[in-house]
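In what follows, a single structure is set out as structure tokens and then discussed.
The values are calculated or read from the model by the stated rules, or taken from the named source; none is laboratory data. If you're wondering where the values come from, they're calculated on a predicted model, not measured in any experiment. All Cβ positions, glycine included, derive from the backbone under ideal geometry; neighbour counts span all protein chains shown. We work out accessible area using only protein heavy atoms, side chains counted, and drop any ligands, DNA or RNA first. Shrake-Rupley method; radii C 1.70, N 1.55, O 1.52, S 1.80 Å.
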Amino acid sequence: MNFKLNQQIFSEQYLNNEIEVFIKRLDLIDPFIAGNKLFKLKYNVDRALKEKKNMLITFGGAFSNHILATAAYANKKKIDSLAIVRGKEYFELNPLLTHAKKYGMKLCFVSRKEYSKRNNNKYASELIRKYKRAFIVPEGGNNKLGVLGAEEILEKEDRSFDYIICPIGTGATLSGIVNSSNRKQKVIGINCINDIKDINNNVSQKTNKNNWEIINEFNFGGFAKFDNVLTEYLKKFKFNNKITLDLNYTTKMFYGFEKLIERMYFQKKSKVLLIHTGGVCGNLGFNYLYDLDLPYESN
Ligand SMILES: *Cc1c(COP(=O)(O)O)cnc(C)c1O
């Protein structure tokens, strides 16, 4: 799908440890439909259009990459979109929701209590009754069609990698990658949120292999949590490699990856592929909330 680029990183640390490290630049696909979100949306939107639906409804927090990606992709595919946003307090639009709105997305802010019903069948039927020809995409695009799309992230030539590493939110992306990996490859998910049990269940249900491992210790306290070490790491990575990482996911992934190298986790002479899942525009949200100066463009 579209273009995907594997770029090698020649860091001294990698050379000293005798591993070859590549990064799959899904962040370069589009500024707002970047990364894994496009893969997870693709078959959902195809299905919606096939069923002659005229609107996508999805869910997320006020700083959700998934909401913005859905708005941009729906706009491109000429279908309406509506987001149910967690939290009534976001009366002032942040940069991510402002972009989503520019793409014509309607925003409906609900209480945390109402938001917690997002996966209930009854709540879904109420939404369908209200919006008639709507197609519901779950939070994070985490359903079977989302995983099917994520299976297309790996390409034929990626069979030569010994390790494939990606960050985890819901685990849909990891599931897709595991499904299309070969059994000799090891797939490692760096948990960037907090729901360890949910992720494990989700991935176990959606994968057909067991060549995967989830590493939980690099989540920096949970989703959207960070400290100075992490922001400095992001800036240093940008300076050294000219690649922008997002603070929510890919910074935690690379940070964790380097800790694993220090622990001699990887066999010498092995080839490692890290998936840059995009989302760098999410840094706009951190700049807005915490007055930071993180880069937020891919190049
Ligand atoms: C949403 C997101 C993820 C999480 O993907 P899941 O499929 O939910 O695990 C990872 N990286 C980035 C940049 C994201 O925006």
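Per-residue answers, yes or no, for (1) in a helix (DSSP H, G or I); (2) within 17 Å of ASN44 (Cα to Cα); (3) open to solvent by less than 50 Å² (accessible area, probe 1.4 Å); (4) not hydrophobic (A, V, I, L, M, F, W, C):
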| residue | (1), (2), (3), (4) |
| --- | --- |
| HIS66 | yes, yes, yes, yes |
| GLU114 | yes, no, no, yes |
| SER125 | yes, no, no, yes |
| VAL147 | yes, yes, yes, no |
Considering the stretch 220-241, residues that are within 24 Å of GLY140 (Cα to Cα) and hydrophobic (A, V, I, L, M, F, W, C), and then whichever is surrounded by the most Cβ atoms within 10 Å (Cβ to Cβ), we arrive at LEU234
The residue that is farthest from the chain's Cα centre (by Cα), considering only those in the stretch 127-145 that are outside any helix (DSSP H, G or I) and within 25 Å of SER204 (Cβ to Cβ), is ILE136
In the stretch 20-52, residues that are touching an Asp or Glu at 6+ places or on another chain (Cβ under 9 Å) and in a loop (DSSP other than H, G, I, E, B) total 3
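Is it true that ASN54 is open to solvent by 60 Å² or more (accessible area, probe 1.4 Å), farther than 22 Å from ASP162 by Cα and of a type outside the set (D, E, K, R)?
Working: open to solvent by 60 Å² or more (accessible area, probe 1.4 Å): yes; farther than 22 Å from ASP162 by Cα: yes; of a type outside the set (D, E, K, R): yes.
Judged against the criteria, ASN54 is a match.
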Scanning the stretch 211-224 for residues that are over 12 Å from TYR255 (Cα atoms) and assigned to a loop (DSSP other than H, G, I, E, B) gives ASN211, ASN216, GLY221, GLY222, PHE223, ALA224
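Against the condition in the same structural domain as MET253 (by TED's automatic domain parsing), at pLDDT below 95 and open to solvent by 10 Å² or more (accessible area, probe 1.4 Å), how does GLU89 come out, does it pass? Give the derivation first.
Working: in the same structural domain as MET253 (by TED's automatic domain parsing): no; at pLDDT below 95: yes; open to solvent by 10 Å² or more (accessible area, probe 1.4 Å): yes.
No, not satisfied.
Yes/no matrix, rows are residues, columns are (1) within 27 Å of LEU284 (Cα to Cα); (2) touching a strand residue (DSSP E or B) at 6+ places or on another chain (Cβ under 8 Å); (3) of a type in the set (A, V, I, L, M, F, W, C); (4) not assigned by TED's automatic domain parsing to the domain that holds ILE243:
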residue	(1), (2), (3), (4)
GLN13	no, no, no, no
GLU18	no, no, no, no
VAL21	no, yes, yes, no
LEU26	yes, yes, yes, no
LYS42	yes, no, no, yes
VAL45	yes, yes, yes, yes
ASN54	no, yes, no, yes
ILE57	yes, yes, yes, yes
GLY61	yes, yes, no, yes
Residue pairs within 7 Å by beta carbon, gap of at least six or interchain, first lying in the stretch 126-155 and within 16 Å of the ligand (Cβ to nearest atom), second hydroxyl-bearing (Ser, Thr, Tyr) and open to solvent by 20 Å² or more (accessible area, probe 1.4 Å), listed first then second, are GLY140/THR170; ASN142/THR170; LEU145/TYR43; LEU148/TYR43; GLY149/TYR43; GLU151/SER180; LEU154/SER180
